[in-house]
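All of the numbers you see were taken from the coordinates with simple rules; none came from a lab. Treat the numbers as computed from the prediction; the structure is a model and nothing was measured. Here Cβ is always computed from backbone atoms with ideal geometry, including for glycine, and neighbour counts include all displayed protein chains.
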Amino acid sequence: MSITLPQDVIDLLNDRDTIKVLATVNDKGEPHAVFKQSLHVGEDGLIHSLELIETSRTAKNLVGSIWFERKLSILLRGADNRAVQIKGRVHQYHVSGALFQHHYLAARERLGDVDLAGVWVIEPEEVVEQGFQSRRSAEEAQHPTFIHLDRIAAH
Amino acid sequence: MGALLKPRYREEASFEEVLAEHPDFPRLVALKIDVQRRGVLYTERAQAAVDPDIHQLRSPYIFGSRDGAIKPLPESLLLRDGSTILVDPTPADQDPYVVDYQDGQFVLLDYGKVLDTVELWPKPTYYDKHTSTGLPMSHIVSARPQRLNVFQSSFCYFWAENEGCKFCDIVNHTKQQREELGVPSRLRPADVKETIAEAIREPGRFTNICLTAGSVTKGHEIFDQEVEFYIELLQAIGENFSTRRFPSQLISSAFNERQLRRLHEETGLSSYTSDLEVLNERLFNWICPGKARLVGYKEWRERLVRAVDIFGRGNVGTGLVGGVETAQPLGFKSEKDALEATLAEAEYLAERGVTTVYIVWVPRPQSVFAGQKAPSLDYYIRLARGLQDLRSKYGLSVDFDDYRRCGNHPDSDLARVA
């Protein structure tokens, strides 16, 4: 089920200084993760990603995502060290039309003589705070007995 | 009171029922197949939402449509996975899928149920322009979302002897286009060169050029004149590029080695396809009598194999009118037998470096097979899977004829994840 991304996550996605990782799986469940700095939020509120290598492992896995509704994961780490994971699936792949052409021109303007295979549109389904402090607090709240005893020893 | 029209597909297993039998087959590719098999009908609401400034309307094509008419309807559809569906308008009494416009988007309906969203093909900028000789550029070179089509001539000399392929309507459709639209029956290389120069100004729009036409049997050796036409055309097109070879596909008659070498050496052509249409000699003789009499099944097939030595593995292909092997009265009676026979022959070709792709057979109203019915969706799913499995088994790529460079072959769509 698609969700609306909160504004702070949109800002994190659209920040060029954010480190962005896209993790996908193939039909055998084998994971594959790549840095994907082109991830951003489009005007439709969904996550867009540029495909510069048409037959990359990621591209094949994303085709698998749209064909078989396989989930993918996006990991973001902001300049302030905030870490967020977004889970979702591919909704659409643009290989022509106005959106594609806009990114084709922009990519070549920014990167030089590159080609653009397409623009992936990803529907976010879940946002998870992945920063250590927030994960630690959640863990301690849910599993208060998961602790080495020396940490609570009286002497 | 008129007789009730009998729906053509309602008695079959539904799309979802067939797909449930193939859980490893992509739903969108199956949908593409079934939409091609059954055709589409645009609702009035969908037609009203078409914007001729941004959507590509039907332009000259080498084959006719199921409704036998030339109307200003959308050219065709794009699925969410970026693949194209080449499908033409179909009369309601043939039980087509329906394209409607709901909540700001085009949707595909089956018996009132929304199956998916679709997009219309975007119109290329050159479609509004004319050549310096005054011809609409859309009549010279037609567009798909990522490919340019050059239909050099739509006359096929096999028809002159009443030996045209029985599934084909090329000559009848040519006459209709010439009379109703004024489309030239033969293209001038200068017009093609000028149109392609204009088309490729549009950034990111096109990745391939496909040339095809009817067979021209004339010449010192059979097809010499056809080869000459293509060389002239390809050389003119090539002047638009900075590289000697450019991404291109020629779909033509089965040329001999001398003719193939000329094409390879004298032009920038990068791939070669010659359609066997049906992978069975007995049915080839019946369905393609002109090809059978003047070349023969085995020689046509061996010419493809010899082309691999010239163009290289992965750059030579043959096309099938998938399903025509079940045409009656002489075709296979069982889909199982048809599939086994087809895949066995496709394997013979794959072993020798020739890749096989299919299009979904549409029994067109101006063809000899008008009124027949294509095989089941299940058959086409198995055929697509079988052909792609052969490519994987023999390490064959199909880059020149895939979902983007062509878009009309469900089997090569599967190569996207190979």
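Tabulated data for the structure shown
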| read-out | value |
| --- | --- |
| Net charge, A:Thr18 excluded, C-beta distance under 15 Å - Lys, Arg +1, Asp, Glu -1 | -1 |
| Shielding by partners, peptide B:198-207 (average Cβ within 10 angstrom, other chains) | 3 |
| Calculated [θ] (222 nm, deg cm²/dmol) that DSSP helices of n ≥ 4 give over chain B, each run adding -39,500 (n - 2.57) | -10000 deg cm²/dmol |
| Taking A:His102, B:His409, A:His148, A:His94 and counting other C-beta atoms within 10 Å, the order from fewest to most | A:His148, A:His102, A:His94, B:His409 |
| Surrounding net charge for B:Arg244, when Lys and Arg each add one and Asp and Glu each subtract one, Cβ distance under 15 Å | -2 |
| Across B:Lys218/B:Lys298; A:Lys60/A:Lys87; B:Lys129/B:Lys291; B:Lys291/B:Lys373; B:Lys32/B:Lys166; B:Lys71/B:Lys373, pairs whose alpha-carbon gap is larger than 28 Å | B:Lys129/B:Lys291 |
| Karplus (6.51, -1.76, 1.60) ³J(HN,Hα), θ = phi - 60°, over region A:32-38, in Hz, Gly and Pro reported as x | 8, 10, 9, 6, 9, 5, 7 |
| Around B:Leu414: net Lys/Arg minus Asp/Glu count, Cβ-Cβ under 10 Å | -1 |
| Stretch gain in nm, segment B:Ile310-B:Gln105, where the contour uses 0.36 nm per residue and the Cα spacing is subtracted | 69.1 nm |
| Ellipsoid equivalent to region B:125-417 - semi-axes via the Cα gyration tensor, in Å | 29, 22, 19 |
| Derived scalar couplings ³J(HN,Hα) [region B:99-114; Karplus, 6.51 cos²θ - 1.76 cosθ + 1.60; whole Hz; x for Gly, Pro] | 9, 10, 10, 9, 6, x, 9, 7, 10, 9, 10, 10, 6, x, 9, 6 |
| Mean Cβ neighbour count within 10 Å, used as a protection proxy, ranking B:195-205, B:282-292 highest first | B:282-292, B:195-205 |
| For peptides B:396-407, A:36-47, sequence by mean Cβ density within 10 Å, most packed first | B:396-407, A:36-47 |
| Per-selection Kirkwood Rh - region A:7-130 (Cα, Å, 1 d.p.) | 14.6 Å |
| For region A:68-155, alpha-carbon Rg over 2.2 N^0.38 Å | 1.75 |
| Ordering of A:28-35, A:129-136, B:365-372 by packing [mean C-beta count within 10 Å, highest first] | B:365-372, A:129-136, A:28-35 |
| Amide H partners (placed H, <5 Å) of B:Gln102, local residues excluded | B:Val107 |
| Nonlocal amide H pairs with A:His91, under 5 Å, H built at 1.01 Å | A:Val121, A:Ile122, A:Glu123 |
| Residue mean of other protein chain beta carbons inside 10 Å, B:79-88 | 4 |
| Radius, Kirkwood style, for the protein assembly as shown when every pair of distinct Cα atoms is counted (Å) | 25.5 Å |
| 10 Å Cβ neighbours from other chains, averaged over peptide A:46-58 | 1 |
